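Participant: Please read through the structure below; I'll follow up with questions.
The values are calculated or read from the model by the stated rules, or taken from the named source; none is laboratory data. Treat the numbers as computed from the prediction; the structure is a model and nothing was measured. Note that each Cβ is placed from the backbone with ideal geometry, even for glycine, and that neighbours are counted across all protein chains shown.
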Amino acid sequence: MSKTPQSRIWIANGLGMLSRYNWRKIAEAIALPVGALLFSLILFGIFCAFCGKNPFAVYGLIYKSAFGSWRSFQGTLLRAAPLMLTALCTALPARLGLMIIGNEGALVMGGLGAIAAGLLLSYGSITPSPEQLQNVSGIPSAGVLLGMALAGIVAGGLWIAVVGALRHYRAVNETISSLLMNYIAIALMNHLVGGPIKDPGETIKASSFSLPEMNRLINLPTTRIHYGLFYGLIACVIAYFLIQRTTFGFAARTAGGNVKAARIAGLPVGKLTVMICFLAGSCAGLAGMAEVAAVHGRVNESLVAGYGYTGILVAFVARYNPIACTLVAVLLGGILSSGGALQRTLDMPDATALVFQGLVFLVILFSESLYGRFRVFKEPIAPIAAPPLPPSSSTTVSA
Amino acid sequence: MAAEAIGWWGVPLGILAGTLRSSAPFLFVSLGECLTEKSGKINLGLEGTLLMGAMSAYAISYLGSEKWGMSPAASPWIGVLVAGCAGMVLGFIHAWLSQQPKVNDIAVGIAMIIFGSGVAFFLGKPFIQPQAPQLPFFELGRLMSNVPAVQSALQISPLFLIGVGLAPLMSWFFKSTRPGLFIRAVGDSPDAALAMGVSIKKVRMLCIIAGSFLAGIGGAYLSLVSPGSWNEGISSGQGLMAVALVIFARWNPVQCLWASLFFGGTQAVGPALQAVGVDSGIYLFNAAPYVLTLLIMIITCSPKRTLSGAPGALGTISG
């Protein structure tokens, strides 16, 4: 008689300790997106089958060209680097309840800012004359890169900060305005590289002048991966601590949860909005800087590679958690990098990746409605807390 | 080109021609979005619907006349119909998904932009090269003038006229019919609609699907009338601008018509200047519609009051 309650207390205590970590909630937060990803893979397979391709060949090829070898994994990481940063551009404002999709535009603006700073610091002019091209300034490479990173951060940050300010002070829908700003940024870039900052020596594709080789972002030894990957990782970790562990982050989450309550508590909602938007844009701007400084070496149309739009998806799949963003970025970066192989080997159009992304997006959104619907993930009532069954109820059950 | 013969007069004429020619997609998408938003849901995915409509109309028009032996006069019209149906399919996905609990309709819209454009580009790949039969024009200019530039400027598509007729019709529908009243009730006050015995889900489902049908037809206009070809850059955000345009038009179908004409006009400024030889800053002129949309939103929105004419339940998570 006396043993049973004792063991019950132990179990309850154990459950209580575990429930402090809320492991069922964590399991749910991992299982649902993973399940959604798997389900969208199945849907994608059906889509492929409709188009006359063997779905298993498609899966195999995606795996092989994304994660199959160290060489292909490098290509995946190369694409994951900007994705981590552009994902933050959606994930950070989302904690404040804003849905910002201006990632592509902020990336382009960051790239433009970076190339301007890089050329200024290297040659002393954005459109250097042939003489200026001959003598690269004595500023050390690290200094030039720092300048470029700062310029990229400020350019991208201001671009999205405008969206935040419009949202707060004019109540302009941030989703629509940020998407419009993408088109404006791309038009601005096309205008600049087509005229004011055009390199006349470049005839195939209108481009800006190139950075000197010495002032580019170098690769990790013996790989194709550039240091921009660390920008992404570090930015995600910083963003996590900023949101989860600081007063600023707490204020932002409060305002995201209930704006009225935040206002009554005296939180400066407007300032918070603009600052979070600035940080968000600066992440995407940094991605643009890394792309310019490491991959392209200049600004032209190739900068608009869809990293912004995939970044939105990364943020959604990661449920706006910056740490999860890194993992999801690697996963989706892999799928992006397999797009080329699908095109070459299976003769599928390059839009295949877009179809898959769209499917993942839709299924992930549907999975939102499933939170709290599975009993496995519900906290069970600790046995000790359950009141002893009154005799009457047991009779009704048996009857 | 023809513009050279009449010199700088080509600019206003070009803008007029462009207005008549390129405002129809805005018109159809904004009417569709107006219908959707009147029921209290936002469909940002109409950009994807527009692309899907453009692709399917072009594909059917081409396949119909070349492969299936239809007459080239009929196949574009079948294409228009199929474009509308393709839009309805996307609309159904949006309507079903955005009415699930805890699912944000704006997020679904973003997903539908990606999904719709992905499917359109995927299936449309083989149709970029071939030339599909186009919809006919009413040659209004031929009655009025002998100058070829004027004649080509005043070609008016029957599809555009249908859109123009649809705007007052929809206005009347909202104001004076029972279903129109139901839609307004669902959009303004779902509780009241529920008390009237109207199924909120059903009304919204129908509104979103019908709105997407219109957006699909707008897409068909893009590929079968003007610019009259299919490629991946064909819509370039027009669907999205049309969504912003509805805010500008205060959810009033007739004002959607004026706003669409205005937007079509700004879109024509860049090409009209290019036609008379102004080349510098052409990218900036082409970005004019986006800048204009943004400016209009800045001017018309206000944090202090809700916009007059805005459906009450818009943007709230209810139902």
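Participant: Hey, among A:Ala251, A:Ala185, A:Ala262, A:Ala235, which residue is closer than 27 Å to A:Ala305 by Cα, buried (at least 18 other Cβ atoms within 10 Å of the Cβ) and more than 10 Å from every other protein chain (Cβ to nearest Cβ)?
Facilitator: Going through A:Ala251, A:Ala185, A:Ala262, A:Ala235 in turn, just one is closer than 27 Å to A:Ala305 by Cα, buried (at least 18 other Cβ atoms within 10 Å of the Cβ) and more than 10 Å from every other protein chain (Cβ to nearest Cβ): A:Ala235.
Participant: Go over the candidates A:Gly256, A:Gly270 one by one and state the one that is within 14 Å of chain B (Cβ to nearest Cβ), surrounded by fewer than 17 Cβ atoms within 10 Å (Cβ to Cβ) and in a helix (DSSP H, G or I).
Facilitator: A:Gly270
A quick yes/no check of all residues on (1) under 21 Å from the mean Cα position of the chain (by Cα); (2) within 14 Å of chain B (Cβ to nearest Cβ); (3) crowded, with 16+ Cβ neighbours inside 10 Å:
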site: A:Gly52; (1), (2), (3): no, yes, no
site: A:Ser65; (1), (2), (3): no, no, yes
site: A:Thr90; (1), (2), (3): yes, yes, yes
site: A:Leu96; (1), (2), (3): yes, no, yes
site: A:Ile101; (1), (2), (3): yes, yes, yes
site: A:Val108; (1), (2), (3): yes, yes, yes
site: A:Ala116; (1), (2), (3): no, no, yes
site: A:Ser122; (1), (2), (3): no, no, yes
site: A:Val136; (1), (2), (3): no, no, yes
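Participant: Could I ask something else about it? Do we find that A:Gly281 is touching a residue at least 60 places away in the same chain (Cβ under 8 Å), crowded, with 21+ Cβ neighbours inside 10 Å, under 18 Å from A:Leu78 (Cα atoms) and more than 9 Å from every other protein chain (Cβ to nearest Cβ) in this structure?
Facilitator: The answer is no for A:Gly281.
Participant: I'd like to verify a number: residues in the stretch A:297-310 that are within 12 Å of chain B (Cβ to nearest Cβ) and part of a helix (DSSP H, G or I), how many?
Facilitator: Residues meeting the conditions: 4.
Okay, residues lined up against (1) farther than 19 Å from B:Pro227 by Cβ; (2) in contact with an Asp or Glu (Cβ under 6 Å, 6 or more places away or on another chain); (3) modelled with pLDDT of 90 or more; (4) surrounded by 13 or more Cβ atoms within 10 Å (Cβ to Cβ):
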residue: B:Leu140; (1), (2), (3), (4): yes, no, no, yes
residue: B:Val150; (1), (2), (3), (4): yes, no, no, yes
residue: B:Ala153; (1), (2), (3), (4): no, no, no, yes
residue: B:Ile162; (1), (2), (3), (4): yes, no, yes, yes
residue: B:Met205; (1), (2), (3), (4): yes, no, yes, yes
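Participant: To continue, here is another question. Report yes if some residue within the stretch A:201-218 is under 22 Å from the mean Cα position of the chain (by Cα) and more than 10 Å from chain B (Cβ to nearest Cβ); otherwise report no.
Facilitator: Yes, the conditions are met somewhere in the stretch A:201-218.
Participant: Taking the criterion of being under 23 Å from A:Gly111 (Cβ atoms) and in contact (Cβ under 8 Å) with a residue 60 or more places away in the chain, would at least one residue in the stretch A:246-260 satisfy it?
Facilitator: no
Participant: Please go through the stretch A:219-232 and pick out each residue that is over 21 Å from A:Tyr307 (Cα atoms) and surrounded by 13 or more Cβ atoms within 10 Å (Cβ to Cβ).
Facilitator: Result: A:Leu220, A:Thr223.
Participant: Mind telling me which of the residues B:Leu50, B:Leu27, B:Leu20 ends up being more than 13 Å from chain A (Cβ to nearest Cβ), modelled with pLDDT under 90, over 25 Å from B:Ile200 (Cα atoms) and part of a helix (DSSP H, G or I)?
Facilitator: After ruling out the rest, the residue left standing is B:Leu20.
Participant: Give, as residue ranges, the helices (runs of 4 or more DSSP H) completely inside the stretch B:53-160 that count at least 2 residues that are more than 11 Å from every other protein chain (Cβ to nearest Cβ).
Facilitator: Output list reads B:75-98, B:140-144, B:148-153.
Participant: Just one of (1) closer than 21 Å to A:Cys325 by Cβ; (2) at pLDDT below 90 trips up A:Asn215, so point out which.
Facilitator: The number of the failed condition is (1).
Participant: Within 14 Å of chain A (Cβ to nearest Cβ) and outside any loop (DSSP other than H, G, I, E, B): is that true of B:Val243 in this structure?
Facilitator: In short, yes.
Participant: Also, I was wondering about something else. Among the residues of the stretch B:127-142, is there at least one that is within 23 Å of B:Ala259 (Cα to Cα), in contact with a Phe, Trp or Tyr (Cβ under 8 Å, 6 or more places away or on another chain) and not aromatic (Phe, Trp, Tyr)?
Facilitator: no
Participant: Among the listed residues B:Gly265, B:Gly277, B:Gly218, B:Gly228, which satisfies the condition of being outside any helix (DSSP H, G or I) and touching a residue at least 24 places away in the same chain (Cβ under 8 Å)?
Facilitator: B:Gly228
Participant: Could I ask something else about it? Can you confirm whether B:Arg184 is closer than 29 Å to B:Ser23 by Cα, over 19 Å from the mean Cα position of the chain (by Cα) and modelled with pLDDT of 90 or more?
Facilitator: Answer is yes for this residue.
Participant: Has the stretch A:319-326 got any residue that is within 11 Å of chain B (Cβ to nearest Cβ) and either polar (S, T, N, Q) or within 17 Å of the chain's Cα centre (by Cα) (or both)?
Facilitator: No, that holds for no residue.
Participant: Right, next: For the stretch A:144-159, state whether one or more residues are surrounded by 19 or more Cβ atoms within 10 Å (Cβ to Cβ) and within 14 Å of another protein chain (Cβ to nearest Cβ).
Facilitator: Taking every residue of the stretch A:144-159 in turn, at least one turns out to be surrounded by 19 or more Cβ atoms within 10 Å (Cβ to Cβ) and within 14 Å of another protein chain (Cβ to nearest Cβ).
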